Structures are given as structure tokens and as C-alpha cells.
1. For the range 25-41, how many residues meet the condition of being surrounded by 19 or more Cβ atoms within 10 Å (Cβ to Cβ) and within 12 Å of the chain's Cα centre (by Cα)?
2. Which ones in the range 88-107 are open to solvent by less than 40 Å² (accessible area, probe 1.4 Å) and either part of a helix (DSSP H, G or I) or modelled with pLDDT of 90 or more (or both)?
Amino acid sequence: MISHSRRHCVVELQALPARIGQVRRIVSAQLRHWQLDPLIDRAALGVTELLSNVHRHAQPDKVCTVEIELRLGRLTVSVSDSDPRLPVVRAADELETCGRGLALVAAVSEAWGARHLPDGPGKVVWFSLRAAPAPAAPTGTVRIGVNKPVREPARAVLTAVDVQAVPVAVPVPVPVGTGPG
């Protein structure tokens with residue numbers, strides 16, 4: 001189920017690989033709608049990592065809720081599930097192919113954290129990004145002042161030349177495309 005208000009969007013889902021990609025696209029589309037294009041890559045990466053953790057670790061089921069909220073110039077993305085175990089950032093070995101999710105979330109966000117749900121079993125893992133809207137495209141016609149050039153023209157330089165001292169070259173016509181014989 002998807003619900004959203006002007007600056008708040010909620011998606012409930014099973015954290016399965018196919019659904020994770022769909023939620024990433026939903027988050028990206030919502031941020032485009034809010035004109036927060038500069039945040040799309042970091043938010044999509046963060047929500048992918050949090051949903052992957054639910055898929056890998058949450059018990060007894062993979063049901064979760066993704067919330068994105070824009071308030072007071074800050075975008076907060078959170079994922080809640082019914083597993084009460086809080087996530088732990090661990091040092092991953094260079095050759096390991098997993099185990100870096102929360103470190104990535106920490107690296108791309110300004111803040112992140114986890115807390116138990118106040119009204120029952122489970123937890124919320126969240127991260128936040130400072131929101132700077134994308135520059136708005138001009139709505140009207142952009143005009144450049146007619147009386148003011150965009151770039152000043154080069155100044156003319158006059159030089160006196162003695163025409164008697166300048167050798168004159170005379171062009172000699174050469175046939176083109178003719179070969180021997």
C-alpha cells in the first residue's frame with residue numbers, strides 16, 4: 001500500500017528483492033516530485049541498504065514500512081519492521097561481498113540511527129539528508145538586454161602600413177584532379 005501527503009510518503013511491503021527495486025523507484029519518483037533531485041542517488045542507495053537488511057535479517061517475517069518525510073529542510077527516510085533486534089555496524093573485510101550496508105548508509109547520510117518501536121515489538125532504522133531543492137527552471141522567457149551585449153566586442157585596432165613595403169603575392173591557378181598521362 002502506498003500513501004502520501006504533500007511532504008510525507010509511506011509504503012508498506014514485503015522486503016523481497018523485486019519489491020526493493022520497486023520501492024527504490026517510488027522513492028526516486030517522490031523526490032523528483034518534491035524537486036529534490038540532488039538527493040535521489042543517496043536516498044535510493046540508503047533505502048536499498050535498509051530494505052536489504054530487512055530481507056536478510058528480519059524475523060519472523062519480512063513485512064516492513066518505508067517512510068520518507070520532508071520537514072524543516074531535512075529529508076528523513078526510515079524503515080520499520082517487526083524484528084526487535086537493533087542493527088550493528090560491523091567492520092567488513094576487504095574481500096567480503098556483504099556487511100557494509102550500514103557503513104554505506106552512514107557514509108552517504110548526515111545522520112542515521114535505530115530505535116525500538118514505542119508501541120510494540122520491532123524497530124525503526126532511519127537516515128537523514130539535508131534537503132536543498134533543485135534549482136527551478138525559469139518559467140518565463142529569458143531575455144538578454146538589447147542595449148547591452150553579452151560579451152563586449154573586440155576593439156578595432158588601426159595600423160598604418162606603407163603599401164610600397166608590402167610584397168604582393170599573385171595567385172597562380174593550378175588544375176585540380178588532373179594526373180600524368
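1. Final tally of qualifying residues: 4.
2. GLY101, LEU102, VAL105
The values are calculated or read from the model by the stated rules, or taken from the named source; none is laboratory data. Worth saying up front: this structure is predicted, and the values here are computed from it rather than measured. Glycine gets a Cβ as well: all are built from the backbone with ideal geometry, and neighbour counts include every protein chain shown. Heads up: the accessible areas ignore ligands, DNA and RNA and are worked out on the full protein's heavy atoms, side chains in. Shrake-Rupley method; radii C 1.70, N 1.55, O 1.52, S 1.80 Å.
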